[in-house]
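Values quoted throughout were computed directly from the atomic coordinates according to the rules given, and no laboratory measurement underlies them. The structure displayed is predicted, hence computed values, not measured ones. Cβ placement follows ideal geometry from the backbone for every residue including glycine, while neighbour counts extend to all protein chains displayed.
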Amino acid sequence: MTAFFWGSLVRVGLLHHVTWSINSICHAVGERPFKSRDKSGNVWWLAIPSMGESWHNLHHADLTCARHGVLRGQIDTSARIIWAFEKLGWVKAVRWPVKERVEAKRVSAASA
C-alpha cells in the first residue's frame, strides 16, 4: 500500500501539478526574452521540477526546437536527455537551436 501511494498517487499528482503549473503560471507571468504570438513566459523556479520545460517563452517562439533553456544559466534537463538519446541512436532528426535563429527571435532592448 505504501508503494502504491508513493509510486502511483503521489507521483502522478506531482507530475500533473508541475505540468498544469507550466501551462497556467508560465502563460500568466514570467520573463519574455523572445518574440512569440502569446504571453508565454519563463518561470525560473519551475525549471528543476519540470526538467527545463518552464523556459516556456522559447518553446512558443520556436515551436519545434528540442531545447528550451538556451540562455546563460537556464537548466534544461530534458534537452540533455534528448541529446543522450540522439547520441545512442534512439532518436533522429532532432531540431536543436541555431544561434542565428535564436537571436532573430530575441526581443530587442529597445522594445522590451
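Label zone (V91, point 7 Å along Cα-to-C-beta; backbone nitrogen cut-off 11 Å) within the range 41-72: 65-68. If you bin all the Cα-Cα distances of the range 2-105 at 10 Å, starting from zero, the percentages per bin are 15, 41, 31, 11, 2, 0.
Near M51, once Lys and Arg are set to +1 and Asp and Glu to -1 for all other residues with Cβ below 13 Å from its Cβ, the sum equals 0. The number of Lys pairs in the chain with C-alpha atoms less than 23 Å apart, excluding pairs fewer than 8 positions apart on the same chain, is 5.
Placing +1 on the Cβ of every Lys and Arg and -1 on the Cβ of every Asp and Glu, with no other charges, gives the chain a dipole of roughly 260 debye about its Cα centre.
For a modelled paramagnetic label at L63, 7 Å from Cα along Cα-to-Cβ, the residues of the range 9-52 in reach, with backbone nitrogen under 11 Å, are 37.
Among E86, E31, E100, the residue with the largest mean-square fluctuation in a Gaussian network model of the chain, with springs joining Cα atoms closer than 10 Å, is E100.
The trypsin sites (Lys or Arg not before Pro) of the range 20-112 that meet both conditions, a loop assignment by DSSP and at most 11 other Cβ atoms within 10 Å of the site Cβ, are R37, R72, K92.
A Förster radius of 41 Å combined with the Cβ-Cβ distance from M1 to I48 puts the calculated FRET efficiency at roughly 0.90. Averaging the Cα positions of each part gives two centres, and for the range 70-84 and the range 31-45 these lie 17 Å apart.
Label positions at K35 and R11, each projected 7 Å from the Cα along the C-beta direction, are separated by 4.4 nm. Residues D76, D38, ranked from the fewest to the most other C-beta atoms within 10 Å, line up as D38, D76.
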